[in-house]
Amino acid sequence: MELPKRYDVQEAEKRWQKYWEKEKIYAFDAKDKEREVYSVDTPPPTVSGKMHLGHAFSYSQQDYMVRYHRMRGKNVFYPFGTDNNGVATERLIEKMKKVKARDMDRDEFVKLCLDTVNSTLKPQYVQDMKRLGLSCDFDIFYDTIDKHSQAISQRSFIDLYKAGREYRKDAPSMWCPRCETGISQVECEDKEKDSTFNDIVFKVDGEDLVIATTRPELIPACVAVFYSPGDKRYNKLKGKKASVPLFDYDVPIMEDKRVDPEKGTGIVMCCTFGDQVDMEWQKAFKLPIRMAIGKNGKMTSVAGSYEGMNVVETRKKILSDMKEKGLLIESRPIKHVVNVHERCGTEVEIIKSKQWFIKYLDLKEDMLAWGKKLAWYPEHMRHRYDHWVKGLQWDWMISRQRFFGVPFPVWYCKKCDEVILASKLPVDPLKDKPPVKECPKCKSKEFVPERDVLDTWATSSLTPQLAVELIKDEEMQKKLYPMSLRPQAHDIITFWLFNTVVKSRLHNKVNPWKDCVISGHALDPKGKKMSKSKGNVVEPEKMIAKYSADALRFWSAGSRLGDDLPFQEKDLVTGQKFSTKLWNASKFCFMHLEDYSDSKMELDLTDRWILSKLSRIVADSTAGFDEYEYFKTKLDVEKFFWKDFCDYYLEIVKDRLYNPDRRGKDHRKSAQYGLYHTLLAVLKMMAPIMPHITEEIYHLFYASKEKKKSIHISSWPTTSMVDEDAERIGQVLIDAVEHARRAKSEKKVSLKTPIKQMFLKAKLSASEFSLIEEELKNASKAELINYEQLSADSDVGFGCEIEL
């Protein structure tokens with residue numbers, strides 16, 4: 001057998017990726033109704049440039065699990081999708097093309113987005129994932145903005161509307177002034193910012209009333225003043241009016257238990273709208289609405305002379321003006337947490353606007369029960385889901401004032417505002433006509449199309465349906481859904497996971513998957529979040545070019561599921577070294593397996609020892625992968641390969657392999673059996689993690705033996721040869737060889753230097769020792785071994801002295 005001299009990693013990885021695609025190694029068989037199906041709700045990456053290290057980290061981890069289940073003989077459904085439906089894509093296109101969506105014709109901007117995504121961004125992302133070695137069936141593909149996805153998303157909207165779960169309301173909603181769109185609670189994140197706590201003066205019957213606020217720019221939006229019932233400081237003010245500073249209009253003074261008497265001065269202004277409590281007060285007491293901040297983040301005419309200024313400018317100017325007029329008692333610097341839009345970091349405002357909502361606050365107890373029925377890996381990640389559900393304060397706002405998104409399948413009667421739903425999907429109300437000639441309610445023939453688009457998560461929460469419905473066989477669809485697995489990162493549990501559960505439960509009354517597997521984040525070498533502004537971004541493409549995809553995947557397997565992992569380039573070096581050692585060890589094995597014929601035989605003790613150790617590793621690895629503990633498999637197999645297999649076993653059996661005439665051909669065949677099965681099992685256990693090098697080695701020898709096109713569709717190892725006696729006796733051999741090596745190392749002589757005498761003590765019988773004596777002599781180069789059997793109750797279990 002002529003073996004390649006070296007493994008050209010860059011050439012080989014690209015070659016195998018082309019081979020897998022050409023031979024459809026990872027193709028799902030929609031016609032196979034017999035095998036168990038393993039279906040994956042693959043995360044569709046947001047197409048926002050290039051694959052980043054976080055993608056490489058989390059997608060590698062999910063790929064380990066999928067590859068394992070494929071090798072277990074399952075019919076794996078592992079589609080791939082991309083997510084181009086959202087504000088992130090709009091912002092990227094604006095940046096790339098140096099345009100502004102709101103300055104362009106809507107159709108022109110949408111076309112620009114689609115053309116850019118389809119011609120450049122999407123193909124690059126798909127190629128990046130293939131280069132990483134992802135084993136998706138890329139022929140089962142969707143994009144969250146394609147016609148297939150639009151139709152399913154619009155169908156979801158119509159079904160929930162008919163079920164009474166959706167409503168449209170002109171009401172206070174969370175709003176991003178920079179993106180100029182309404183947003184939902186899940187799109188907000190907390191951010192600590194520097195601010196001031198300001199004591200300002202209202203007037204009541206000419207007397208000062210001091211109120212503390214962090215948002216003086218909302219003073220022109222003040223519609224009432226509240227204090228806590230029973231607060232003796234303010235009881236006398238009940239029913240009176242307070243004059244709003246700078247703006248000179250009166251607002252009622254009222255009492256309500258939601259006021260914290262210990263915070264600030266114990267009396268607060270209600271502004272429309274500063275927070276959730278302001279909204280509750282406005283609704284409960286039927287207060288007027290004064291919108292001082294507009295949708296563009298600028299002050300409105302309600303703000304008088306401050307009209308047209310932004311929030312920050314207004315805050316400074318109002319404080320300055322109040323100080324000048326003696327209305328600012330004190331301004332104390334503080335740090336406080338504010339809501340910002342997670343996409344752009346802009347502080348969120350509450351603006352009155354007409355929006356669509358999914359009603360679900362009445363389902364919070366049900367939501368907690370749904371979460372408990374999921375199998376969480378790791379289990380503690382469910383606490384994030386529960387915490388989110390318990391903190392929900394808003395129904396899900398699903399309308400967005402953007403251009404590039406899935407259109408609402410809705411028109412409105414111009415006269416009575418009756419909702420007209422589409423009958424054929426997908427549809428674009430701005431281009432298509434309504435399905436009726438006249439309003440069924442008032443008979444008007446004039447209709448207004450909905451201009452808003454659906455929240456991206458309203459579509460992304462349907463990824464199980466987007467993927468499964470690409471398979472047209474309804475019988476197979478029932479085997480695919482609910483799905484087996486949802487892999488994703490922990491930061492979008494509240495976004496993607498939660499909303500997918502909600503949609504699945506509302507539509508189908510089942511959880512969307514059995515298992516949800518949550519990965520952590522890739523961090524910089526100092527454990528910090530990577531960002532371009534910090535200059536600490538590691539580009540996976542460069543690491544793959546410098547080392548290999550397998551080395552990067554090896555690094556990704558270095559953390560437990562759910563844990564964040566700092567990037568250390570030395571871990572890729574370790575992965576590269578592992579590949580090199582695997583290659584060299586395999587070449588050695590194949591050199592001695594040319595004449596091997598796999599058959600059962602009487603095995604030597606050392607071969608039984610390695611196969612017994614291997615059997616335990618296989619059992620542990622199988623159990624680990626069943627629980628998504630890829631980290632344990634990588635750690636255990638790596639250690640077994642380096643220490644037990646390479647450092648000891650290969651060195652010990654060399655004499656039998658090289659000298660069959662002296663040791664006997666049966667002893668050589670036994671060693672060949674150990675080599676063949678141990679190396680094959682190691683390759684298969686590492687195949688999910690390092691798919692390229694294992695495929696290369698498999699095809700050098702094993703593919704023709706097993707008659708398989710790929711190691712990745714071969715059978716997972718099932719070796720079950722645990723032999724406790726062999727392990728007990730074999731361990732004495734290993735310990736003695738280690739002592740011999742250490743003695744020579746301390747004397748600074750070659751490992752080939754003969755040992756005159758070895759004095760060995762162990763709890764082996766003479767007959768047991770005879771099973772390893774010849775191996776020990778050859779492996780340690782001992783000319784004479786004096787063996788003494790220790791008694792079973794001896795405090796000492798092993799002793800070895802070396803005389804060089």
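The values are calculated or read from the model by the stated rules, or taken from the named source; none is laboratory data. Everything numeric here is computed off the predicted structure, so don't read it as measured data. Neighbour counts are summed over all protein chains in view; Cβ atoms, including those assigned to glycine, are modelled from backbone coordinates with ideal geometry. These accessible areas exclude ligands, DNA and RNA; they are computed on the full protein's heavy atoms, side chains included. Shrake-Rupley method; radii C 1.70, N 1.55, O 1.52, S 1.80 Å.
Couple of notes before you dig in:
- Label sites at N235 and E11, each approximated as a point 7 angstrom past Cα along Cα to Cβ, lie 9.2 nm apart.
- Here the label points at Q477 and E788, each 7 Å from Cα along the C-beta direction, are separated by 7.9 nm in the simple model.
- Once the Cβ-Cβ distance of V722 and E23 is raised to the sixth power relative to R0 = 25 Å, the FRET efficiency obtained is 0.10.
- Tilt relative to the chain, helix 311-324 - C-alpha long axis, 0 to 90 degrees, to 10: 50 degrees
- Separation of alpha-carbon centers, segment 157-217 and segment 309-333, rounded to whole Å: 20 Å
- Full-extension gain in nm, K708 to D170, via 0.36 nm per residue minus C-alpha separation: 187.4 nm
- Rounded, prolate or oblate (a/c below 1.5 giving rounded, otherwise prolate when a/b exceeds b/c) for segment 571-617 by Cα gyration tensor: oblate
- Portion, in percent, of the accessible area of the chain that falls on carbon or sulfur, probe 1.4 Å: 49 percent
- Contact order relative to length of the chain, as percent, for alpha carbon pairs under 8 angstrom and 6 or more apart: 14 percent
- Each label was represented as a point 7 Å from its Cα along the Cα-to-Cβ direction; for K534 and K433 these points are 5.8 nm apart.
- Protection proxy ranking of 336-348, 553-565, by the mean of other Cβ atoms within 10 Å over each peptide's residues and highest first, is 553-565, 336-348.
- Using a cut-off of 21 Å between Cα atoms, the listed pairs K684/K709; K359/K437; K263/K295; K50/K529; K147/K431; K5/K581 include K359/K437; K263/K295 as exceeding that distance.
- Between the labelled values (1) 131, 69, 59; (2) 112, 63, 46; (3) 122, 81, 62, the entry that holds Cα extents along the principal axes in Å as derived from this structure is (2).
- Length added when fully stretched, Q393-C416, from 0.36 nm per residue minus Cα-Cα: 5.2 nm
- Free-standing Cys residues across the chain, given no other cysteine C-beta under 4.7 angstrom: C113, C136, C188, C222, C270, C271, C344, C516, C589, C646, C800
- Placing E189, E724, E262, E90 in order of accessible area, with the largest value first and a 1.4 Å probe, yields E262, E724, E189, E90.
- Counting only DSSP H runs of at least 4 residues, each contributing -39500 (n - 2.57), and dividing by the residue count of the chain, the helix-based mean residue ellipticity at 222 nm comes to -12000 deg cm²/dmol.
- Sequence ranges 374-384, 647-657, ranked by mean other-Cβ count within 10 angstrom, highest first: 647-657, 374-384
- Local net charge near L497, Cβ-Cβ under 13 Å (Lys/Arg +1, Asp/Glu -1): +1
- When the residues V311, V117 are ordered by accessible surface, computed with a 1.4 Å probe over the protein chains alone, the sequence from largest down reads V311, V117.
- Charge context of L462, other residues only, Cβ under 10 angstrom, K/R +1, D/E -1: +1
- Modelled FRET efficiency - R0 45 Å, D115 with E627, Cβ distances, 0.05 increments: 0.50
- C270, C800, ranked by accessible area, largest first (probe 1.4 Å): C800, C270
- Backbone geometry of segment 372-382 corresponds, through the Karplus equation with coefficients 6.51, -1.76 and 1.60 at θ = phi - 60°, to 3J(HN,Hα) couplings of 5, 7, 7, 8, 9, 10, x, 4, 5, 5, 4 Hz, x marking Gly and Pro.
- Three-way shape label, segment 450-510, alpha-carbon gyration tensor, a/c 1.5: oblate
- When both bridge partners sit in the chain, DSSP labels roughly 70% of those beta bridges antiparallel.
- Summary of the geometry: segment 655-704 and segment 31-96, compared by the centres of their Cα atoms, lie 34 Å apart.
- Our note on the geometry: Cα centres of segment 608-634 and segment 346-421, 43 Å apart.
- Mean separation of Cα contacts under 8 Å, 6 or more apart, over the residue count of segment 701-782: relative contact order %: 31 percent
- Backbone N within segment 309-325 under 15 Å of label point (7 Å from R91 Cα along the Cβ vector): none
- Taking amide H as placed 1.01 Å from N in the peptide plane, the amide H of I755 sits under 5 Å from that of A782, E783, each at least 5 places away or on another chain.
- Estimated at 0.36 nm per residue, the fully extended path between E313 and L368 surpasses their Cα-Cα distance by 15.5 nm.
- Accessible area expressed per residue, the chain, with surrounding protein chains retained (probe 1.4 Å, Å²): 45 Å²
- Simple Cβ-charge dipole of segment 527-585, Lys/Arg +1 and Asp/Glu -1, about Cα centre, in debye nearest 20: 160 debye
- With a cut-off of 14 Å between beta carbons, the residues surrounding L361 carry a summed charge of -1, where Lys and Arg count +1 and Asp and Glu -1.
- Cα gyration tensor shape of segment 1-157, rounded if a/c is under 1.5, else prolate or oblate by comparing a/b with b/c: oblate
- For S399, residues with placed amide H under 5 Å, excluding near neighbours: W356, D455
- Charged-residue dipole, Cβ positions (Lys, Arg, Asp, Glu), the chain about Cα centre, Debye nearest 20: 1960 debye
- For segment 270-327, the list of chymotrypsin sites (Phe, Trp or Tyr not before Pro) that fall in a loop by DSSP and count at most 16 other C-beta atoms within 10 angstrom reads F285.
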